[in-house]
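To start, the structure under review is shown below, and the notes come after it.
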Amino acid sequence: MGVGILGGAFNPPHVGHVALARTAIDRFRLDRLLVRVIEDPGHREVETDASIRLHLAELAFAPLDEADVTLDRHARTIDSLRELRLRDPVFLIGADEFATFLAWKEPDGVLELARLGVATRPGVDTAVFDDVLGALRRPDRVELFAIEPLPVSSTAIREKVRAGEPIDGLVAPAVAAEIARLGLYR
């Protein structure tokens, strides 16, 4: 049984997150995808309560039968993986995150507990990752895979909401409705 993990602040979850999940499910033949909403990300400020972000993620990933959305109380990936104790999962990250992977807590430990699936956009020069791969004990545990580029980010969505602009097409309709109902990001 193939298991993937996609973690993040999901503030808010957007169509790019879901597209990455869909592509990874197919690419790695995942039977199950654990979508982990990080309660208190140590690397960024998050003003939206974890329970609300969890609810939004449940709405966003609802179309994916393989997705199981849960709260992750760990700020660091290694700690989460140690608690989960899964057999050789694929931990999914974006190329921008992989570029900073050596600064993560115990990057080689992460690769002992999980393979990394690194989502790249078509046309990205993967040579930029050579330094990161070269510094790892197990670069064979890292697999790059291409995803269709979607010009969307959680930051841009929050800015659009603050400016009173529509976010149609950037988030699932149910997520947009809930953001409006709760008056988030204003």
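Taking region 124-158 as the search range and keeping residues that are in a loop (DSSP other than H, G, I, E, B) and within 21 Å of the chain's Cα centre (by Cα), which one is nearest to G4 (Cα to Cα)? I'd like the intermediate steps shown before the answer.
Within region 124-158, the first condition is being in a loop (DSSP other than H, G, I, E, B), and the residues that meet it are 124-125, 136-138, 147-153.
Filter again for within 21 Å of the chain's Cα centre (by Cα), leaving 124, 147-153.
On the way: V124: 23, I147: 16, E148: 19, P149: 21, L150: 21, P151: 24, V152: 23, S153: 22 Å.
Out of the qualifying residues, it is I147.
Just wondering, is there one or more residues in region 94-110 that are in contact (Cβ under 8 Å) with a residue 40 or more places away in the chain, in contact with a strand residue (DSSP E or B) (Cβ under 8 Å, 6 or more places away or on another chain) and not in a helix (DSSP H, G or I)? Yes, some residue in region 94-110 is in contact (Cβ under 8 Å) with a residue 40 or more places away in the chain, in contact with a strand residue (DSSP E or B) (Cβ under 8 Å, 6 or more places away or on another chain) and not in a helix (DSSP H, G or I).
Restricting attention to region 30-46, the residues that are in contact (Cβ under 8 Å) with a residue 24 or more places away in the chain and over 23 Å from L150 (Cβ atoms) add up to 5. For the subset of region 1-32 comprising residues that are assigned to a strand (DSSP E or B) and touching a Leu at 6+ places or on another chain (Cβ under 6 Å), which member is surrounded by the fewest Cβ atoms within 10 Å (Cβ to Cβ)? Looking at the filtered set, the residue picked out is V3. Of all the listed residues (L136, L71, L113, L81), the sole one being in contact (Cβ under 8 Å) with a residue 24 or more places away in the chain, surrounded by fewer than 17 Cβ atoms within 10 Å (Cβ to Cβ), more than 25 Å from L150 (Cα to Cα) and touching a strand residue (DSSP E or B) at 6+ places or on another chain (Cβ under 9 Å) is L71. Filtering region 38-67 to residues that are out of contact with any helix residue (DSSP H, G or I) (no Cβ under 6 Å at 6 or more places or on another chain), surrounded by 13 or more Cβ atoms within 10 Å (Cβ to Cβ), at pLDDT 95 or above and not hydrophobic (A, V, I, L, M, F, W, C) leaves R53, H55, E58.
The values are calculated or read from the model by the stated rules, or taken from the named source; none is laboratory data. Given the structure is predicted, the values throughout are model-derived calculations rather than measurements. In this analysis, Cβ positions are derived from the backbone assuming ideal geometry, glycine residues included, and neighbour counts consider all displayed protein chains.
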